[in-house]
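Visitor: Sending over a structure as structure tokens; questions will come in a sec.
The values are calculated or read from the model by the stated rules, or taken from the named source; none is laboratory data. Source: prediction; values computed, not measured. With ideal geometry, Cβ positions are generated from the backbone for all residues, glycine too; neighbour counts draw on all protein chains shown.
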Amino acid sequence: MDPVIIIGAGLSGLVLANVLKHNNIPYKLYERDASQESRSQGWSISLHMCLPYLERYLGAEKYATLAERSSVNLQNPTELEMCMANGRTDEVFLSTKNNDTIPGRPVRINRKRFRDWLLEGIDIAWDKELETIEDNQDGVIVKFKDGTVAKGSLLVGADGVRSRVARQRLGETVFWEHTKRSPVRCLGGSRRMTEKEREPYNEKFSRTMALLFGGDDDRAYLAFMCVADIDMTRPDPYLVQWNVSCITDSEPDADTDAARLALVKEWGARSMGGLTAEFIAGIPEGTPVLDLKLYERIPTVFEGTLVQHPRLTVMGDAAHCMTPYRGEGGNHAIIDAVNLGKALMDVYKKNTPLAEALMEYEEEMIQRGTKAVTESRQASLGFHGQSFDAGINIGKKIAAQFMERMQAARQQMEQEKAKEQEEERKTA
Ligand SMILES: Cc1cc2nc3c(=O)[nH]c(=O)nc-3n(C[C@H](O)[C@H](O)[C@H](O)COP(=O)(O)OP(=O)(O)OC[C@H]3O[C@@H](n4cnc5c(N)ncnc54)[C@H](O)[C@@H]3O)c2cc1C
């Protein structure tokens, strides 16, 4: 049988490659980046609900090294402090500092380190940008920008928001009609900080990540800051990523880094106080500032389209990109990859028909993805309301819901553990 072709070595593509490799299922992984070192990989992210999936399907030995190899803080790999606070007054209304509020040992990972960890032992072809796809009932032939071709039994699009594979599956028009730009305008970058500069933020807010709610007379603003790396060999050990966002169409276009930084500083001065205002004002001149264009795609658009393209499927952002305001996109991408890997294990090892396995994988993915995109959208709109009070009230509500969710997750984990122990006792 021809191999499974995976396009994209981001979170989902690499996890699927690992699951297939672990189960001796033939695959080929293609990535358009020129090499492992060719870009920084962007935002650090929190891994939480995907961890039980990784633990079960990457193998216990590999999983055991995840935190120590990928964490943003290699000195204390499982440290993850989350904070939500009033960005005008520094009043903290959610803090997971110094306790085990978040069950299941979540990890804040540095994307580059996590990718390096997932890449170990994986065969990958770099500098391969997918351009064209020919698919039919029996298989798929893909052509890359460099003119080379590859043949596979299945094509998996793990190629992110603008997925070439998803566009083939849906057609360009339908794809773009269902890929919506979020109204949230989000500008972000990173800065290095010394121990002394970082100390007040570590003490007051969090050593890992903080969501700070601000606002002016017209609208709510949100500032986010997270530690992406701590390198104690440097005089400025902390690499801190940040973004500031609001919903506005009245701001001027900012088409240079300097103009975007000036806009961020204006937003900060207008909407924040205390430590948050100081942080934003202190971003060094010359810092590159990205205009983070946030897209959403509800995956129900894929329903009913597998029949026409039975050898193409999608996962992660290619299937269901979402705004980052619940911190879930990457977790869902990883869960998709593990679930698709399990479906393919059934095909290769139990002779389950491919169509049946893909249908089952997609049904679950579409349902879970739709909920995640919708809830992330609600959070993004709520956080960026039309006044400071509106934004902070939603923030407090979401903080309370977060605590309830964590409590429920803890109870569920305790019940599952008790059940496992009971089963072990019975079989002993
Ligand atoms: C600011 C921000 C903060 C976030 N924070 C969190 C968080 O805390 N928690 C969380 O769970 N999620 C978070 N996310 C979301 C998360 O980053 C994404 O959901 C996740 O990266 C999706 O993984 P993926 O594998 O689907 O795609 P990606 O990680 O985007 O990987 C796609 C890969 O495909 C490659 N590719 C694209 N096109 C081609 C082509 N034509 N040919 C070959 N290769 C191609 C790309 O180079 C890339 O390597 C955040 C996102 C943003 C923007």
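Visitor: Do the conditions hold for Arg69, that is, is it among the basic types (Lys, Arg) and within 10 Å of the ligand (Cβ to nearest atom)? Break it down stepwise before answering.
Guide: Details: among the basic types (Lys, Arg): yes; within 10 Å of the ligand (Cβ to nearest atom): no.
Taking the combined requirement at face value, the residue does not satisfy it.
Visitor: Quick one: in region 188-208, which of the residues that are crowded, with 21+ Cβ neighbours inside 10 Å and not small (Gly, Ala, Ser) is nearest to Ser71 (Cα to Cα)?
Guide: By that ranking, first place goes to Thr208.
Visitor: Being within 12 Å of the ligand (Cβ to nearest atom), among the aliphatic types (A, V, I, L, M) and farther than 22 Å from Asn393 by Cα, is that true of even one residue in region 212-222?
Guide: Filtering region 212-222 for residues within 12 Å of the ligand (Cβ to nearest atom) gives 222.
So of that shortlist, the ones also among the aliphatic types (A, V, I, L, M) come out as 222.
Filter once more, so that each one left must be farther than 22 Å from Asn393 by Cα: none.
The answer is no; no qualifying residue exists.
Visitor: Is it true that Asn23 is surrounded by fewer than 19 Cβ atoms within 10 Å (Cβ to Cβ) and at pLDDT below 90? Explain how you work it out, then say what you get.
Guide: Numbers: surrounded by fewer than 19 Cβ atoms within 10 Å (Cβ to Cβ): yes; at pLDDT below 90: no.
Judged against the criteria, Asn23 is not a match.
Visitor: Among Leu340, Leu344, Leu358, which is of a type outside the set (Val, Ile, Thr), in contact with a strand residue (DSSP E or B) (Cβ under 6 Å, 6 or more places away or on another chain), assigned to a helix (DSSP H, G or I) and under 20 Å from Ala158 (Cβ atoms)? If you could, list the steps in order and put the result at the bottom.
Guide: Working: Leu340 fails: in contact with a strand residue (DSSP E or B) (Cβ under 6 Å, 6 or more places away or on another chain); Leu344 fails: in contact with a strand residue (DSSP E or B) (Cβ under 6 Å, 6 or more places away or on another chain).
Every option except Leu358 fails the conditions.
Visitor: So is Asp231 away from the ligand (no atom under 16 Å from the Cβ) and modelled with pLDDT under 95 or not? Break it down stepwise before answering.
Guide: On the way: away from the ligand (no atom under 16 Å from the Cβ): yes; modelled with pLDDT under 95: yes.
So Asp231 fits the description; yes.
Visitor: Check off (1) of a type in the set (Lys, Arg); (2) within 30 Å of Glu37 (Cα to Cα); (3) crowded, with 17+ Cβ neighbours inside 10 Å for Arg105 and give me the number that stays unchecked.
Guide: It is condition (3) that Arg105 fails.
Visitor: Within region 292-309, can you find the residues that are surrounded by fewer than 19 Cβ atoms within 10 Å (Cβ to Cβ) and at pLDDT 95 or above?
Guide: Of the residues in region 292-309, the ones surrounded by fewer than 19 Cβ atoms within 10 Å (Cβ to Cβ) are 292-293, 295, 300, 303-308.
Across region 292-309, the qualifying residues are Tyr295, Thr300, Glu303, Gly304, Thr305, Leu306, Val307, Gln308.
Visitor: Being within 16 Å of the ligand (Cβ to nearest atom), in contact (Cβ under 8 Å) with a residue 24 or more places away in the chain and either at positive phi or over 20 Å from the mean Cα position of the chain (by Cα) (or both): is that true of Ala125 here?
Guide: Values: within 16 Å of the ligand (Cβ to nearest atom): yes; in contact (Cβ under 8 Å) with a residue 24 or more places away in the chain: yes; either at positive phi or over 20 Å from the mean Cα position of the chain (by Cα) (or both): yes.
It is true that Ala125 is within 16 Å of the ligand (Cβ to nearest atom), in contact (Cβ under 8 Å) with a residue 24 or more places away in the chain and either at positive phi or over 20 Å from the mean Cα position of the chain (by Cα) (or both).
Visitor: Among the numbered criteria (1) closer than 23 Å to Asn339 by Cα; (2) within 15 Å of the ligand (Cβ to nearest atom); (3) touching a Phe, Trp or Tyr at 6+ places or on another chain (Cβ under 8 Å), which one does Pro52 miss?
Guide: Exception for Pro52: condition (3).
Visitor: Could you check, for region 346-353, whether at least one of its residues is in contact (Cβ under 8 Å) with a residue 40 or more places away in the chain and among the hydrophobic types (A, V, I, L, M, F, W, C)? Give the steps one after another, and end with the answer.
Guide: As a first pass, look at region 346-353 and keep what is in contact (Cβ under 8 Å) with a residue 40 or more places away in the chain: 348-349.
Imposing the further condition that a residue be among the hydrophobic types (A, V, I, L, M, F, W, C) reduces the set to none.
There is no residue in region 346-353 that is in contact (Cβ under 8 Å) with a residue 40 or more places away in the chain and among the hydrophobic types (A, V, I, L, M, F, W, C).
Visitor: Could you tell me whether any residue of region 373-384 is away from the ligand (no atom under 16 Å from the Cβ), touching a residue at least 40 places away in the same chain (Cβ under 8 Å), closer than 29 Å to Val244 by Cα and touching a strand residue (DSSP E or B) at 6+ places or on another chain (Cβ under 9 Å)? It would help to see each step written out before you state the result.
Guide: Quick first cut of region 373-384, residues away from the ligand (no atom under 16 Å from the Cβ) only: 378, 381-382.
Checking the rest, the ones that are also touching a residue at least 40 places away in the same chain (Cβ under 8 Å) come to 381.
Then drop every residue that is not closer than 29 Å to Val244 by Cα, which leaves 381.
Checking which are touching a strand residue (DSSP E or B) at 6+ places or on another chain (Cβ under 9 Å) leaves us with 381.
Yes, because at least one residue in region 373-384 is away from the ligand (no atom under 16 Å from the Cβ), touching a residue at least 40 places away in the same chain (Cβ under 8 Å), closer than 29 Å to Val244 by Cα and touching a strand residue (DSSP E or B) at 6+ places or on another chain (Cβ under 9 Å).
Visitor: Among the residues of region 155-187, write down those that are surrounded by fewer than 16 Cβ atoms within 10 Å (Cβ to Cβ) and near the ligand (Cβ under 10 Å from one of its atoms). Talk me through it step by step, then tell me what you get.
Guide: Going residue by residue through region 155-187, those that are surrounded by fewer than 16 Cβ atoms within 10 Å (Cβ to Cβ) are 162, 171-174, 176-177, 180-181, 183.
Within region 155-187, Arg162 is the sole residue that qualifies.
Visitor: So, one more: Quick one: which residue in Arg368, Arg405 is touching a helix residue (DSSP H, G or I) at 6+ places or on another chain (Cβ under 7 Å) and free of Cβ contacts under 8 Å to residues at least 60 places away in the same chain?
Guide: On the way: Arg405 fails: touching a helix residue (DSSP H, G or I) at 6+ places or on another chain (Cβ under 7 Å).
None of the other options fit; the residue is Arg368.
Visitor: For Ile280, which of the numbered conditions (1) assigned to a helix (DSSP H, G or I); (2) away from the ligand (no atom under 16 Å from the Cβ); (3) surrounded by fewer than 23 Cβ atoms within 10 Å (Cβ to Cβ) fails to hold?
Guide: Exception for Ile280: condition (3).
Visitor: Would you tally the residues in region 283-323 being more than 11 Å from Val161 (Cα to Cα), within 14 Å of the ligand (Cβ to nearest atom) and of a type in the set (Asp, Glu)?
Guide: Within region 283-323, residues that are more than 11 Å from Val161 (Cα to Cα), within 14 Å of the ligand (Cβ to nearest atom) and of a type in the set (Asp, Glu) number 1.
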